[in-house]
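Some notes on the structure that comes next.
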Amino acid sequence: MKKELRSPVSQRPFNAENINKTGIGAEVSIELNGKKLRVPLGRSILDICRDNNIHIPTLCYHEDLCIAGNCRMCLVEVEGMKNLQTACSYPVTSPVKIKTFSNKVRKARKHIVDLMLSEHYGECYSCVRNNNCELQRLAREYGIDSYEFGHVCEPRFEVDDSSHAVVRDMDKCILCRRCVRTCIDLQEVGVLEAVNRGYDTKISTFMDTPLNDVICINCGQCINRCPTAALHANDPSDQIWKAIEDPSKHVILQTAPSPRASIGEEFGLPPGNSMTGQLNTAARMIGFDRVFDTNFSADLTIMEEGTELLGRLKKAIVDKDKSVMLPQFTSCSPGWVKFIEHFYPEKLDYLSTAKSPQQMFGAVLKTFYAEESGIDPADIVTVALMPCAAKKFECNRPEMNSSGFKDVDYGLTTREMAKMIREAGLVLPELPKSSFDDPFGEASGAGLIFGSTGGVMEAALRTVYELVTGRPVPFKDLNIEACRGMKGIKEASVKLENCIEEFSFLEGTDLKFIVAHGTANAKVVMDMLIKGELEGYHFVEIMACPGGCIGGGGQPIPTSESIRKLRAKAIYEEDGASAVRKSHENPKIKYIYEKYFTDGPCGKISHKLLHTKYTKRGKFIN
Amino acid sequence: MNDIEKNKRREFVSELMNKYVPDRTSLLPILQDFQEKFGYIDEYSQQLIAFELDIHPVEVNSVISFYAFLYDKPVGRNIVRICKNIVCEFNGSKEISDAVIKEFKINPGETTPDGKLTFEHVNCFGLCDKSPSMMVNGEIFENINKESALKIIKELK
């Protein structure tokens, strides 16, 4: 379904899997550092070296992106070739002899690092990526102890911090173009591209417009792939510290499902270690007055979005209302919401009006919670720990103040939370576990799997199916495998049979759904919608980031598909071990609908607090 | 830019889309045709062209900024380009440039306030054997000197 990559054929990665390995010539004999090997035809030198545990330094290469070959770090010596060759873009097609660390290679690589440093302004100790910087690591690897080709001593560019989410500091840029390929190929948003030529080349937005004014969706994928600190998130931790230290403020932290599955990586643990309990302890030790689980409001989202879907289905099937838009698209991902606002503003009616879990929680905290606990909502500061850069933009949207106050005051990314924990002198993995605070500490596994692509769909199906038929979904252990996995666009269906009387109009309906992640895939789905190919589908889940929230723009760096899979596994394991696994069975959800949202999901009160409206933004920049 | 100007450009872009295959490979000829008609490729039209070709505005901007003969800002009615490559410089192109700068009070890359003249340095015309060389509105002048260059430029309308 995914259309061809934009990159020219010569830049696409060579894929050994697609080659017929049975015929003559399917394998090639090569000599790698004097060792004889048989390798599949067409496999790149870089991949062969990685297969054989030989480290090749790379900068512009990234697993998720197409080959660029412009940083020249991965140079190797291929016998018979006049020049050194880039390992990432050299497919082996003939018996060659390769040397990966000859004198010539080492010298060339050192010069390349030196040349990059000559235009790289800034010192490592005053940099957000200190100790997690690929350029710094290479400088160490090649023993750079002086700036052989000089070093810029004054900043040449202004830092662009106009955006709520992403800060661009072009002084740190090494022109590897990972962000360009991320933005254009991976996300199809197309904000960044290299402009000018030669020495004047720089990465720029359209006509050098500030990032806040261009069609950036704030997904932060460029941050995750930037080898240096040229792109980093807008850090609110100073303001949060200030709020914590102010005794009159009641500071509440809500933690999303994904950070707990990944924050361990910031403390040296391998990916896939869940840190839920330790994170709660750390947050309390830092000084947050309450620590709540965003999964609670994820459950709330499911109730609202599921009810909205059933409402739309009823209107479409029973009332034959032509103005009802189906399929319904999810609205949990702020990057995706901004994407559709920019690129498909005429299709906004398809989007669910439900707020994202973060914003729902903010609204609930400053109304229901404030009333219950007798705290003035003006004194409540809500901080959302999110795996996401776009959430920073979302909480600053002007319409997000239905409680009368700014629903969520600060969006904090996983990386920034890890920074705060380090600042507090805590070592996260060694902390004791503790649970969330009441009253929003209880959540279902359904809310937890929001963190992975397909999770919202799976959670919604668990609830919708049971609401309609009175029985749990007919899948083993409630695991809807069709929603899981890292395939770009997934589709499946569930047949609704023996419905309860209220939903008898759905009897025999095949509930068809689509799950897509990454806005490039979202674009494919939207183009299908425009062509009318989504007729008969009911529900579409879209997450702006590849892999869903676990691959979000605020997650620990680096990211790759294997890392994302491990994080997703951690989330699914935790869901499997949860006592409550369906949103509507969460006792706290029942409680809040009894006590506060008394007219039920999608009622008047919930419409005021838990639903939102969207802005038609369009693609043109003036 | 007012709506009348925008409509003009929109009409011309849709004409171009019929003339060429509406695909990213047609970008350069489209930009050249557009510039020939309007003098430069403004912000609005860059976006228009990008969306027609299903690419991103920043990619169009990137192409324009890469090529020295494409402009995203208004230029004068006449464009004078003098080569500053090493061979031309040995043969006195710097003196000619300095004379132009002095005479018309503009720096390389600038346009005179009356919009008559834009003066630019370029890197090589490939005419080193007939250096110093100068290009005026697409026409090449070889073996120029200070006097002849100023005469040619002054005769421009």
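Numbers below:
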{"read-out": "Accessible area per residue, Å², segment B:78-151 with all protein chains present, probe 1.4 Å", "value": "53"}
{"read-out": "Folded to 0 to 90 degrees: helix A:294-317 orientation relative to chain A principal axis, Cα", "value": "70"}
{"read-out": "Value at 222 nm in deg cm²/dmol, rounded to 500, when DSSP H runs of n ≥ 4 in chain B each add -39,500 (n - 2.57)", "value": "-14500 deg cm²/dmol"}
{"read-out": "Hydrodynamic radius (Kirkwood) for segment A:65-114, which is based on Cα pairs only, to one decimal in Å", "value": "11.4"}
{"read-out": "Delta accessible area of at least 10 Å² on complex formation, residues of segment B:19-56, 1.4 Å probe, chain isolated as reference", "value": "B:Arg24, B:Glu43, B:Tyr44, B:Gln46, B:Gln47, B:Leu48, B:Phe51, B:Asp54, B:His56"}
{"read-out": "Whole-number percent relative contact order across segment A:140-241, with pairs defined as alpha carbons under 8 Å at least 6 apart", "value": "31"}
{"read-out": "Dipole in debye (nearest 20) - segment A:505-558, about Cα centre, beta carbon charges: Lys, Arg +1; Asp, Glu -1", "value": "260"}
{"read-out": "Inter-label distance, nm, simple model (7 Å from Cα along the C-beta direction), B:Lys151/A:Asn70", "value": "4.7"}
{"read-out": "Peptide A:207-219 - average C-beta neighbours from other chains (10 Å radius)", "value": "2"}
{"read-out": "Amide hydrogen neighbours beyond the local backbone of A:Ala233, cut-off 5 Å, H modeled", "value": "A:Val167"}
{"read-out": "Segment B:112-127 - phi-based ³J(HN,Hα) in whole Hz, Karplus 6.51/-1.76/1.60, Gly and Pro as x", "value": "5, x, 7, x, 7, 9, 10, 10, 9, 8, 10, 8, 5, 9, x, 10"}
{"read-out": "Solvent exposure, largest accessible area first (probe 1.4 Å, DNA, RNA and ligands not counted), of A:Trp336, A:Trp241", "value": "A:Trp241, A:Trp336"}
{"read-out": "Karplus-derived 3J(HN,Hα), 6.51/-1.76/1.60, for each residue of segment A:211-225, Hz, glycine and proline x", "value": "4, 5, 9, 9, 8, 6, 9, 6, 5, x, 5, 5, 4, 5, 9"}
{"read-out": "Surface per residue (accessible, 1.4 Å probe) for segment B:3-66, Å²", "value": "48"}
{"read-out": "Largest to smallest principal axis extent of the C-alpha atoms in chain A, angstrom", "value": "78, 63, 52"}
{"read-out": "Cα centre as origin, Lys/Arg/Asp/Glu Cβ charges: segment B:78-151 dipole, Debye", "value": "80"}
{"read-out": "Built amide H within the under 5 Å cut-off of A:Leu351, gap 5+", "value": "A:Phe329"}
{"read-out": "Solution diffusion estimate, µm²/s, Stokes-Einstein, segment A:16-120, Kirkwood Rh from C-alpha pairs, 4 °C, viscosity 1.567 mPa s", "value": "90"}
{"read-out": "Ratio of Rg to Rh over segment B:1-93 (Cα coordinates, Kirkwood Rh, two decimals)", "value": "1.08"}
{"read-out": "Derived scalar couplings ³J(HN,Hα) [segment A:189-203; Karplus, 6.51 cos²θ - 1.76 cosθ + 1.60; whole Hz; x for Gly, Pro]", "value": "9, x, 9, 10, 7, 6, 10, 6, 8, x, 5, 7, 4, 8, 8"}
{"read-out": "Efficiency of FRET from Cβ geometry, A:Trp241 and A:Arg38, R₀ 56 Å, rounded to 0.05", "value": "0.45"}
{"read-out": "Cut-off 9 Å between beta-carbons: net charge of the residues surrounding A:Ile621, Lys and Arg +1, Asp and Glu -1", "value": "-1"}
{"read-out": "Among A:Ile550, A:Ala446, A:Met528 - extreme Cα towards positive end, dipole of chain A, charges at beta-carbon", "value": "A:Met528"}
{"read-out": "Within segment A:554-580, backbone nitrogen closer than 18 Å to the virtual label 7 Å beyond the Cα of A:Lys419 toward Cβ", "value": "A:554-559"}
{"read-out": "Accessible-area composition of chain A, carbon plus sulfur, in percent [1.4 Å probe]", "value": "51"}
{"read-out": "Total formal charge among the other residues, if their Cβ is under 15 angstrom from that of A:Tyr142, Lys/Arg +1 and Asp/Glu -1", "value": "+3"}
{"read-out": "Sorted largest first, extent of segment A:121-168 alpha carbons per principal axis (Å)", "value": "37, 23, 13"}
{"read-out": "Shielding by partners, peptide A:189-195 (average Cβ within 10 angstrom, other chains)", "value": "5"}
{"read-out": "Projected label distance in nm at A:Leu115 and B:Lys102, using a 7 Å step from Cα toward the beta-carbon", "value": "4.0"}
{"read-out": "Only Lys, Arg (+1) and Asp, Glu (-1) charged, at Cβ; the protein assembly as shown dipole about Cα centre in debye", "value": "1800"}
{"read-out": "Accessible surface ranking that places the most exposed of A:Lys99, A:Lys392, A:Lys82, A:Lys202 first, with a 1.4 angstrom probe", "value": "A:Lys82, A:Lys99, A:Lys202, A:Lys392"}
{"read-out": "Rg over Rh [alpha-carbon atoms, Kirkwood Rh] for segment A:114-233", "value": "0.96"}
{"read-out": "Positive-end residue, chain A charge dipole about Cα centroid, Cβ charges, pick of A:Val92, A:Phe296, A:Phe329", "value": "A:Val92"}
{"read-out": "Local net charge near A:Ser248, Cβ-Cβ under 10 Å (Lys/Arg +1, Asp/Glu -1)", "value": "-2"}
{"read-out": "Chain A, helix-only ellipticity at 222 nm - DSSP H runs n ≥ 4, -39,500 (n - 2.57), divided by all residues, nearest 500", "value": "-9000 deg cm²/dmol"}
{"read-out": "Three semi-axes of the equivalent ellipsoid, segment A:464-622, Cα gyration tensor, whole Å, largest first", "value": "28, 23, 21"}
{"read-out": "Three-way shape label, segment A:578-622, alpha-carbon gyration tensor, a/c 1.5", "value": "oblate"}
{"read-out": "Cα long-axis angle, helix B:93-104 against chain B (0 to 90 degrees, to the nearest 10)", "value": "70"}
{"read-out": "Prolate/oblate/rounded label for segment A:390-480 (Cα gyration tensor, a/c 1.5)", "value": "oblate"}
{"read-out": "Distance-filtered residues of segment A:207-240 - backbone nitrogen under 19 Å, label point 7 angstrom along B:Tyr40 Cα→Cβ", "value": "A:207-210"}
{"read-out": "Contact surface B-A: accessible area buried, both sides summed, square angstrom, 1.4 angstrom probe", "value": "1900"}
{"read-out": "Segment B:78-151: equivalent-ellipsoid semi-axes (sqrt of 5 x gyration tensor eigenvalues, Cα, Å)", "value": "19, 12, 11"}
{"read-out": "Within 10 Å of each Cβ in B:59-65, the average number of Cβ atoms from other chains", "value": "6"}
{"read-out": "For A:Arg581, distant residues with modelled amide H under 5 Å away", "value": "A:Gly445"}
{"read-out": "Å² per residue, accessible surface of chain A at 1.4 Å", "value": "40"}
{"read-out": "Cα point-scatterer Debye curve for chain B, base-10 log of I(q)/I(0) at q = 0.09, 0.11 Å⁻¹", "value": "-0.35, -0.51"}
{"read-out": "Euclidean distance of C-alpha centroids, segment B:70-121 and segment A:433-503, integer Å", "value": "68"}
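The values are calculated or read from the model by the stated rules, or taken from the named source; none is laboratory data. None of the values given here were measured: they were computed from a predicted structure. Positions of Cβ are generated from backbone atoms using ideal geometry, with glycine treated the same way; all protein chains shown enter the neighbour counts. Side chains are part of the model used for accessible areas, which takes the heavy atoms of the whole protein and leaves out ligands, DNA and RNA. Shrake-Rupley method; radii C 1.70, N 1.55, O 1.52, S 1.80 Å.
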